[in-house]
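For reference, the structure is listed below as structure tokens.
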Amino acid sequence: MSVEILLGKQNRDGGWPYVRGASWTEPTVYAILALLAEGDTQTAGRGLRWLPTVQRPDGGWSPRAGVEESTWVTALVALLPRERLGREAHARAIQWLLCTQGRESTISYRLREWLLGNRRPDDQQFPGWPWIPGTAAWVGTTALAILALEKEARRRPSPAIAERVAEGRGFLRARMVPGRGVGGLEPGRIDAFKAAFQRLKEKDGLYVHADYGVGFVGRSLFRASIRLPANVPVGPLAARTYLFHDGELLSAQTTRVVLRRSGLERIVYDMAFEYPAAYGALSVVFAAAVSLLASWLMQRFAR
């Protein structure tokens, strides 16, 4: 996504949505990081001023306004520059990460399992980080938390941070699959996995194989028609074109395209996201009108 498109997606409150609508913490942090890398501190500053509105009293961050719980997005926020986020807010985020762990690592959970006579699995020897407190730890959230804590440790070495990072690394190592291929699959099963994945995408209309789908209208100019499924999200997309000859990749090109709805569908879609109150009112009026029309027709033909 280009910086220009990113600027156009920013909400009035300073945050960013996933596609449209209310601001969320995750896309806002990614947008701020991208803008700071480009040197656009003014636009990034608006996002940085929005972030404190979703910080929780416990120091963590909720995924969006209205969610009354801190979640994994706290690790993303902690990756932002401390000076721009605010020293106190950043310190509270780091403290939240140090105190958070997966449910399977808590004393109450271990005590319950011990009373039930359940043996502690080998992959639960080290605590990781969950998506939401009170749930099991996951690899992705643990990796993000480690990155945030390692960044803080380079600025301010701390035994507590070093210990928690070591535990997180132990959590990740316990989930590695030695001698396996991608995703823990044995090399002989990777082809079967790829074939099954392709069948699923073909069923959803997201993968199409057409031997003569590309037509050349010149020596270097070609044309291809692609039917997109209805559930493809609107917005900026990347169209990647690859040229192969006898199985060898000769060249590749990426073109930015913007997918938009058209006609009545676009009007309804835009109203639903930009004017939700009016959309809801019109939906109620339309439903009532259809109900009255159906009742009138039943009475008329029942005579």
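Of the residues making up the stretch 95-134, those that are under 23 Å from Ala162 (Cβ atoms) and more than 22 Å from the chain's Cα centre (by Cα) are Gln95, Leu98, Cys99, Glu104, Ser105, Thr106, Ile107, Asp123, Gln124, Gln125, Phe126, Pro127. When only residues in the stretch 54-73 that are of a type in the set (Val, Ile, Thr) and touching a residue at least 24 places away in the same chain (Cβ under 8 Å) count, which is nearest to Thr100 (Cα to Cα)? Across the stretch 54-73, the extreme among qualifying residues is Thr71.
Please go through the stretch 119-138 and give me each residue that is β-branched (Val, Ile, Thr) and in contact (Cβ under 8 Å) with a residue 40 or more places away in the chain, ordered by number. Ile132 - this is the single residue of the stretch 119-138 that is β-branched (Val, Ile, Thr) and in contact (Cβ under 8 Å) with a residue 40 or more places away in the chain. Counted as qualifying within the stretch 1-119 are the helices (runs of 4 or more DSSP H) with 2 or more residues that are crowded, with 22+ Cβ neighbours inside 10 Å and of a type outside the set (Phe, Trp, Tyr), namely 25-38, 41-50, 73-78, 87-99.
Looking at the stretch 66-102, which of its residues are in contact with a Pro (Cβ under 9 Å, 6 or more places away or on another chain) and of a type in the set (Gly, Ala, Ser)? Of everything in the stretch 66-102, those that are in contact with a Pro (Cβ under 9 Å, 6 or more places away or on another chain) and of a type in the set (Gly, Ala, Ser) turn out to be Ser70, Gly86, Ala89, Gly102. Of all residues being outside any helix (DSSP H, G or I) and among the hydroxyl-bearing types (Ser, Thr, Tyr) in the stretch 135-162, which is surrounded by the fewest Cβ atoms within 10 Å (Cβ to Cβ)? Just the residue, please. Across the stretch 135-162, the extreme among qualifying residues is Thr135. The residues on offer are Gly235, Gly280, Gly247, Gly218, and the sole one that is out of contact with any strand residue (DSSP E or B) (no Cβ under 9 Å at 6 or more places or on another chain) and closer than 30 Å to Gly21 by Cα is Gly280.
For the stretch 185-303, which helices (runs of 4 or more DSSP H) that fit wholly inside it have 3 or more residues that are in contact (Cβ under 8 Å) with a residue 12 or more places away in the chain and over 30 Å from Arg175 (Cβ atoms)? Please lay out each step first, then the result.
On the way: elements: 187-203, 263-274, 276-302.
Fully inside the stretch 185-303 and qualifying: 263-274.
A short reminder: the numbers here are calculations on the coordinates, not readings from a lab. All of these numbers come straight from a predicted model, not from anything done at the bench. Counting neighbours? That spans all protein chains shown, and the Cβs are built from the backbone with ideal geometry, glycine included.
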